[in-house]
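Structure first, then comments.
The values are calculated or read from the model by the stated rules, or taken from the named source; none is laboratory data. Everything quoted here is computed from the prediction, not taken from an experiment. Glycine also receives a Cβ, built like all others from the backbone with ideal geometry; neighbour counts cover every protein chain displayed.
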C-alpha cells in the first residue's frame with residue numbers, strides 16, 4: 001500500500017493505462033476489461049485491474065497536470081512494479097489539419113514545466129517515447145485502419161493562458177497539440193528504465209475553436225484505448 005494508492009502488492013498489473021480522468025478509468029475498466037476489480041478509491045482517483053484478451057492490465061486515473069500525475073507514476077513504478085505505462089489522454093490541436101477525434105502518438109514532449117530544469121540544474125532533458133511501444137502502436141493502428149499522426153507535443157503547466165495566441169509559436173515549430181502530463185511520464189519512465197507511451201485523442205482545437213463535451217471526453221474516445229490495450 002502506498003500513500004495515494006490503496007492497493008496491496010500484486011494488485012496492479014505490469015501494464016497500466018493512465019487516463020487523467022478517473023471516470024475514464026472506470027469507463028475503460030467496465031467497457032473493455034474482464035473480471036475488473038477496483039483496487040483504489042483514495043481521493044476518488046479510481047484504479048482497476050482486469051483482463052483484456054487474457055492479458056492482465058490495470059487502468060489508473062492520474063489527475064490533471066505533471067505534479068498530480070507524477071505522484072501516481074512514481075508509486076505505480078516503485079511500489080507496485082509497473083513496467084509499461086501508457087497514457088490515454090486528451091489534447092488540444094495546434095494544427096489546422098489535426099481535427100477532433102484524431103489520434104496522436106507523442107514521439108516527444110516539449111514542456112513549459114520547470115521540473116527538468118530543476119532536475120538537471122538548468123539543463124534541458126528531452127522527454128521521448130519508448131520506441132518499442134511506439135512501433136507497436138503504429139503497427140497496430142495501420143493494420144486496423146486507425147488513422148494516426150505522430151510527432152512532438154507540448155506538455156503545458158497552464159490550462160488557461162493570458163495570451164490566447166501563445167500556441168502559435170509552438171505550432172510554427174511543428175508541435176502537434178497540447179496536454180498536461182506526457183513530459184512528466186516520459187521523464188520518470190526514463191529515470192526508472194521502464195517503458196512509456198502517450199496516446200492522445202484530440203478533444204478540442206485551438207485553431208478552429210471546435211470542442212467535444214465532457215461526456216464525450218469521458219467515454220467515447222475508443223480508438224486510442226483499443227491501441228493501448230492491444231500493445232499492452
| In segment 116-164, what residues are part of a loop (DSSP other than H, G, I, E, B), closer than 22 Å to residue 85 by Cβ and touching a strand residue (DSSP E or B) at 6+ places or on another chain (Cβ under 9 Å)? | 126, 127, 129, 130, 146, 156, 157
| said: Take the conditions within 23 Å of residue 148 (Cβ to Cβ), assigned to a helix (DSSP H, G or I), in contact with a helix residue (DSSP H, G or I) (Cβ under 8 Å, 6 or more places away or on another chain) and in contact (Cβ under 8 Å) with a residue 24 or more places away in the chain and apply them to residue 28. Does it pass? | reply: yes
| note | Of 56, 87, the only residue that is touching a residue at least 40 places away in the same chain (Cβ under 8 Å) and under 15 Å from the mean Cα position of the chain (by Cα) is 87
| field | Every residue from segment 94-115 that is assigned to a loop (DSSP other than H, G, I, E, B), surrounded by 13 or more Cβ atoms within 10 Å (Cβ to Cβ) and on the phi < 0 side of the Ramachandran plot | value | 94, 95, 98, 99, 100, 102, 112, 113
| note | Of those in segment 176-232 that are surrounded by 20 or more Cβ atoms within 10 Å (Cβ to Cβ), over 16 Å from residue 20 (Cβ atoms) and out of contact with any strand residue (DSSP E or B) (no Cβ under 7 Å at 6 or more places or on another chain), the residue modelled with the highest pLDDT is 187
| field | The listed residue being more than 12 Å from the chain's Cα centre (by Cα) and at pLDDT below 95, out of 49, 15, 3, 31 | value | 3
| task | Go through segment 59-81 and give me each residue that's part of a loop (DSSP other than H, G, I, E, B) and free of Cβ contacts under 8 Å to residues at least 60 places away in the same chain. | result | 61, 63
